[in-house]
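Quick notes on the structure that follows.
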Amino acid sequence: MTGISSLGQALSQIDRIKEIQTQFQTLNFQLATGKKTDKFSGLGADILADKRSRADIKALETYNTNITKAQRRIDFMLNAVNEFREQAHSIYSLLVGFSKESPHQEGDKILYDDPLTPTVTESIEVGMTSGDPDSELYALQNLATDVYDILYDLLNVQEGERYLLGGADTTTQPITDNGALATAITAQINSWKTGGITTDQLIADLQDRDPVATGNTDAINDTIVGYSSTLTAGNAGDVFVRVDDKTEIKYTALANDQAFRDIMVAAAYLKSGNLGPIADVYAEPYTLGDPVLNDANGNPLNGAPGADLTEMKDNFFAVINALIATVHSALEGVDNIRFELEGKKARLDKIQQQNTFEKNALTNLVSDIEGVDINEVAVKITSLQTSLEASYSVTARVLQLSLVNFIPV
């Protein structure tokens, strides 16, 4: 009876030891990982809340990644827009300082007295002896020439291979200098100087961009400026970023915005080789009806339209003053684009902060569900280790099946 009873006790004790060992392994896993279990099934009733929280955390991480990408692209766009404005403002500043009191040409004024009135000295200013620009006109044209290429590059700003000012059409270059704009403006200036169009018509040609809407077939449309067919057709589409389950934020800025377009046309006009001279150039001595001189390339040195120097200057600066007003309005338009982008970036920052707050809250919830108190686990391990050692000792004694251990002394 003693042997059978001892064996039963030993087997029961072995089962308890196995159970303690299992608990010990679980506690060691918890101590090493800080987690209750390595399987969702081990979370019991909290499994659904844990899975939902983890899914929400993953979604918030994706949204924040989207926001970070959008913020980076907006930064690229803002840098380009800010630099575009600075370059355009340099032209505007020089234009404003461009004096109307001078024909801005080297040489002397050509004076004419009517031979039919010998007793009257009219001294009518009819032109200049040279068509070479003075330092102010030379500086203005040089600046416009330098800035023109920079403006094109800025409107083609990229993030990697992605064009940022082309709307949803990110693979197509928004604007290309194909020479059409320079050719069109040259033709318009020539027509203006030779009487084909009036000063008001020239101004309208420069300012109008939609021949259909304005009825002006000579308008500088978007194709002439060099914009892509997608932008020209108005099919570029908007750019959005998904920031949460219900919200998308639009952060579109297009290279063919009216403000950008007007500045490009103004710069192209000012850099045109046909801009000067302002006044007709004649040889001396001058006789009424003498033809204008030709430049080194054989082109007539025609100034702005007008019967005398005063009218030529008035017509020339009528166009210049119209451009000043256009560029001033365009600079305000560029500011509006910049403020809108900055507003979208600020909104994205706020949403990202909220997403981060929610993510941290959910992370804490998951930690509470899945995590354990390390100190508590350590105490349990110590207690369990003591129990395990005691069980080993008892089991070893029970398994010593010798009657000596049970005979009274």
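The values are calculated or read from the model by the stated rules, or taken from the named source; none is laboratory data. Bear in mind the structure is a predicted one, so any value in this text is a computation, not a measurement. A quick note on method: Cβ atoms are made from the backbone with ideal geometry, for glycine too, and the neighbour counts reach across all protein chains shown.
Would you point out which residue out of 297, 321, 315 is surrounded by fewer than 19 Cβ atoms within 10 Å (Cβ to Cβ) and assigned to a helix (DSSP H, G or I)?
321
Condition check ((1) crowded, with 16+ Cβ neighbours inside 10 Å; (2) under 25 Å from the mean Cα position of the chain (by Cα); (3) assigned to a loop (DSSP other than H, G, I, E, B); (4) of a type outside the set (Gly, Ala, Ser)) across all residues:
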residue: 172; (1), (2), (3), (4): no, yes, yes, yes
residue: 178; (1), (2), (3), (4): no, yes, yes, yes
residue: 182; (1), (2), (3), (4): yes, no, no, no
residue: 185; (1), (2), (3), (4): yes, no, no, yes
residue: 192; (1), (2), (3), (4): yes, no, no, yes
residue: 196; (1), (2), (3), (4): no, no, yes, no
residue: 202; (1), (2), (3), (4): yes, no, no, yes
residue: 206; (1), (2), (3), (4): yes, no, no, yes
residue: 209; (1), (2), (3), (4): yes, yes, yes, yes
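Contact list please: Cβ distance under 7 Å, first residue in the range 72-84 and under 12 Å from residue 348 (Cα atoms), second residue assigned to a helix (DSSP H, G or I), pairs at least six apart or on different chains.
The qualifying pairs are 74/341; 74/344; 74/345.
Tally up the residues in the range 240-290 that are in contact with a strand residue (DSSP E or B) (Cβ under 7 Å, 6 or more places away or on another chain), part of a loop (DSSP other than H, G, I, E, B) and within 27 Å of residue 86 (Cβ to Cβ), please.
4
Yes or no, residue by residue, for (1) in the same structural domain as residue 265 (by TED's automatic domain parsing); (2) under 33 Å from the mean Cα position of the chain (by Cα); (3) modelled with pLDDT of 95 or more:
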residue: 295; (1), (2), (3): yes, no, no
residue: 298; (1), (2), (3): yes, no, no
residue: 304; (1), (2), (3): yes, no, yes
residue: 339; (1), (2), (3): yes, yes, yes
residue: 346; (1), (2), (3): yes, yes, yes
residue: 350; (1), (2), (3): yes, yes, yes
residue: 353; (1), (2), (3): yes, yes, yes
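How many residues are of a type outside the set (S, T, N, Q), modelled with pLDDT of 95 or more and assigned to a helix (DSSP H, G or I) when one looks only at the range 211-231?
So the count comes out to 4.
Within the range 215-240, restricting attention to residues that are exposed (fewer than 14 other Cβ atoms within 10 Å of the Cβ) and more than 24 Å from the chain's Cα centre (by Cα), which residue is nearest to residue 191 (Cα to Cα)?
Result: 217.
Return the residues of the range 260-276 that are crowded, with 21+ Cβ neighbours inside 10 Å and either in contact with a Pro (Cβ under 6 Å, 6 or more places away or on another chain) or not charged (D, E, K, R) (or both); say none if nothing qualifies.
Passing the criteria: 260, 263, 264, 265, 266, 267, 268, 269, 270, 275, 276.
Can you name the residue in the range 87-99 that is surrounded by 13 or more Cβ atoms within 10 Å (Cβ to Cβ) and not polar (S, T, N, Q) and, of all such residues, is farthest from the chain's Cα centre (by Cα)?
98
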